[in-house]
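Read through the structure below, which is laid out as structure tokens, and then see the notes.
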Amino acid sequence: MSATRLLVLGAVRQHGRAHGYQVRADLEYWGAHEWSNLQPGSIYHALKQMAKQGVLLAHEVAPSAAGGPPRTEYEVTAAGREEFFRLLREALAAYDQKTDVLSAALGFMVDLPRAEVLGLLRERLARLGAWRAAVTEYSAPPGAPRAPGHIGEITHRWVHSADAEADWTRGLIARIEGGAYRFAGEGGDPFAAEPGPGLAPHAT
């Protein structure tokens, strides 16, 4: 999955209609250029490509009074909205996404209902557990000798990574169950740490 595709679709969707510079400014404010391969050129390329694919609709805007060139604004189509939520759900539930894809999904997770995000994260946790079990079983089946010497460090790193990811996922689940953030349908500022009046925190 492409983090750029998810990031650009999500940024345009938040604006309703946006031109390339707005999308770039939003994603740079997030620091996406630091934790992903996102570059200015890749943003503009993604906008044009997704317009060709029908997930974005391009609007030509009249030149400025100062005589600048026409500016293209983009809007997410129905197909683009479907694609955005498909990518978002897939990224939250998968155990093997690259860091930039998961980071992009975390940035937009509040666009989904709280209960759905919790379900996707629990699915991620289950997949992590299954992957960990498969790795350890494959590398050291019952009765078979363990990998010799330093080669065993490969499996050790995999298991350590799975345990760390599972621990972080459980923590996020607990914070969301405890009422952190505002999700789709709850109203208020999605960047606030706690729900607004009238929204009872979920039990842990």
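Among Trp35, Trp168, Trp30, sorting on how many other beta-carbon atoms sit within 10 Å of each Cβ, with the fewest leading, yields Trp168, Trp35, Trp30. All other residues with a Cβ under 12 Å from the Cβ of Ala126 taken together, and with Lys, Arg as +1 and Asp, Glu as -1, what is their net charge? Summing Lys/Arg as +1 and Asp/Glu as -1 gives +4. Between Ala130 and His15, the simple label model (points 7 Å from Cα in the Cβ direction) yields a spacing of 3.9 nm. With the Kirkwood sum run over all distinct C-alpha pairs, segment 1-127 has a hydrodynamic radius of 15.2 Å. Quick one: net charge around Val61, please, counting Lys, Arg +1 and Asp, Glu -1 for every other residue with C-beta under 10 Å from its C-beta. For residues surrounding Val61, the net value is 0. Amide H contacts for Val76 (H built 1.01 Å from N in the peptide plane; partners 5 or more residues away or on another chain; cut-off under 5 Å): Leu57.
Computed over neighbours whose Cβ is under 13 Å from that of Glu165, the net charge equals +3, Lys and Arg +1, Asp and Glu -1.
Only the coordinates and a few stated rules stand behind these numbers; no lab work does. Computed from a prediction, not measured in an experiment: that's the story for all the values here. Neighbour counts are summed over all protein chains in view; Cβ atoms, including those assigned to glycine, are modelled from backbone coordinates with ideal geometry.
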